[in-house]
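A.B. asks: This is the structure I have questions about; it appears just below.
The values are calculated or read from the model by the stated rules, or taken from the named source; none is laboratory data. From a predicted model like this one, the values you see are computed outputs, not experimental measurements. Cβ coordinates were reconstructed from backbone atoms using ideal geometry, including for glycine residues, and neighbour counts include every protein chain displayed. Each accessible area value is taken on the protein alone, full model and side chains, heavy atoms only, with ligands, DNA and RNA left out. Shrake-Rupley method; radii C 1.70, N 1.55, O 1.52, S 1.80 Å.
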Amino acid sequence: MVRPFSALLALGLVAVTLSGCLTGDTPTDSVPALAQVTAHEYRYAGDDVVVDGVPYGWMVRFTNNGTDDVGLHVEMFGTSDRTYGPVTANGWQKATVPLDGLSGPLETTGPVDLTQVHHIAGVLHSNTSVLYLFQSAAGDIREDLGYRVYVTDAPADTPAIGQGPLPFIAGDFRVLEGWQSVRGVQLDKSGPKAVPHDKVKTLTVGVWTNGTSFYTNIADLNADATFPAGYDREQFGGDPLPIYVYDQDRREQPVGNRDRCWFTTISGYNALLKSQAELGTNARFLTPEEGYTVAGAEDHFLYGEALVFLNTVVAHEGQAEQAEEAPDPTAPCFQPRNAERKLPPLPPASLPDTEP
């Protein structure tokens with residue numbers, strides 16, 4: 001969802017006064033064109049549970065709707081062990097913030113002194129979007145977990161996001177707008193971790209590196225008019241995905257388990273599952289080779305693409321049955337290939353009807 005300005009805590013602004021600059025409305029004379037950054041948060045029911053002992057992650061898409069480049073300064077707060085940064089086709093540009101590099105409390109009145117804060121900063125070009133991933137490792141997480149943003153004049157000598165390493169910057173920039181978003185999480189939850197040979201059910205959204213989605217089975221997202229859907233919403237299917245978690249190879253799934261509607265997935269998605277526990281949410285960048293860029297999938301529409309998945313494990317069904325009996329040809333998910341002991345083919349291009 002796009003964060004409306006009324007739902008965000010406005011920061012004190014330097015040199016300009018803005019109003020309504022995050023609503024997505026047509027700019028007026030009182031709203032400089034520079035201050036046209038919106039944030040889309042991929043929010044849905046059940047994405048706020050922090051499970052003790054496993055990472056918690058989410059993602060936000062920032063879009064510069066204006067005609068001028070701006071500086072985007074982003075900071076994550078609410079946990080002492082955090083990793084965040086933008087996604088590019090070459091990977092997730094992670095930056096772990098040292099404790100002594102944190103800013104103080106959010107300023108809500110008066111000028112914002114950016115010389116005293118340390119953010120990841122980069123230039124966000126006009127009419128472009130950038131996807132940020134946020135992750136807290138197992139450990140100290142507060143209920144006010146979230147992020148804050150400063151939109152400034154484009155910092156001199158700072159690379160554009162995605163075109164070089166993003167430095168920590170403290171400096172005297174003209175702040176055009178700023179806000180913070182508190183995620184609001186449920187703490188102290190516990191649930192079984194997904195380990196190899198487990199069966200789980202998941203809600204997921206897959207996106208390209210610019211944040212546009214190619215697939216989701218999350219009804220809340222599909223129904224959100226601001227959700228950047230790059231697929232036919234009418235083909236949406238909202239059932240949780242039943243997944244068999246493997247260790248190293250999809251062929252580990254017992255032959256007799258393959259007629260019972262549990263599916264194996266691409267390697268990067270399987271690795272994401274192994275970082276999660278029941279009810280937990282996390283995000284992961286996938287290299288092309290961890291996705292659909294494998295031999296035999298050259299015609300797949302995601303071949304050659306780096307991808308990002310945001311995922312919630314909604315149910316943990318325990319270990320798969322290890323019996324090696326032949327699949328039941330009358331079972332609802334029986335296919336002739338299930339009787340083979342070789343790697344099953346990748347799903348076809350109609351992703352909404354198949355597993356990741």
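A.B. asks: Need pairs with beta-carbon distance below 6 Å; first residue without any contact (Cβ under 8 Å) to a residue 60 or more places away in the chain and within region 280-306, second of a type in the set (Phe, Trp, Tyr) and surrounded by 23 or more Cβ atoms within 10 Å (Cβ to Cβ); sequence gap 6+ or separate chains.
C.D. replies: 300/292; 303/292
A.B. asks: Additional query: Among the residues of region 254-301, write down those that are part of a loop (DSSP other than H, G, I, E, B), within 15 Å of residue 215 (Cβ to Cβ) and over 21 Å from the mean Cα position of the chain (by Cα).
C.D. replies: Applying the first criterion (part of a loop (DSSP other than H, G, I, E, B)) to region 254-301 yields 254, 258-262, 264-266, 274-276, 278-280, 287, 291-301.
Filter once more, keeping what is within 15 Å of residue 215 (Cβ to Cβ): 265-266, 291-292, 300-301.
The answer is 300, and nothing else.
A.B. asks: Testing residue 46 on (1) modelled with pLDDT of 90 or more; (2) crowded, with 18+ Cβ neighbours inside 10 Å, one condition comes back false. Which one is that?
C.D. replies: With respect to (1) modelled with pLDDT of 90 or more; (2) crowded, with 18+ Cβ neighbours inside 10 Å, residue 46 is out only on (2).
A.B. asks: Here's a check for you: in region 241-257, which residue that is at pLDDT 90 or above and among the β-branched types (Val, Ile, Thr) is nearest to residue 195 (Cα to Cα)?
C.D. replies: So the residue we want is 245.
A.B. asks: Take the residues in region 171-194 that are open to solvent by less than 50 Å² (accessible area, probe 1.4 Å) and of a type in the set (A, V, I, L, M); name whichever of them is modelled with the highest pLDDT.
C.D. replies: At the first step, the residues of region 171-194 found to be open to solvent by less than 50 Å² (accessible area, probe 1.4 Å) are 171, 173, 175-181, 183-185, 187, 191, 194.
With of a type in the set (A, V, I, L, M) added as a condition, the list becomes 175-176, 185, 187, 194.
On the way: 175: 79, 176: 81, 185: 93, 187: 89, 194: 88.
Step by step, filter region 171-194, then rank; the result is 185.
A.B. asks: I need a count of the residues in region 295-315 that are open to solvent by less than 50 Å² (accessible area, probe 1.4 Å), over 18 Å from residue 217 (Cα atoms) and at pLDDT below 95.
C.D. replies: If we filter region 295-315 for residues that are open to solvent by less than 50 Å² (accessible area, probe 1.4 Å), which is where we start, we get 297, 300, 302, 304, 306-313, 315.
Now drop any that are not over 18 Å from residue 217 (Cα atoms), which leaves 297, 300, 304, 306.
Pick out the ones that are also at pLDDT below 95 and you get 297, 300.
Residues meeting the conditions: 2.
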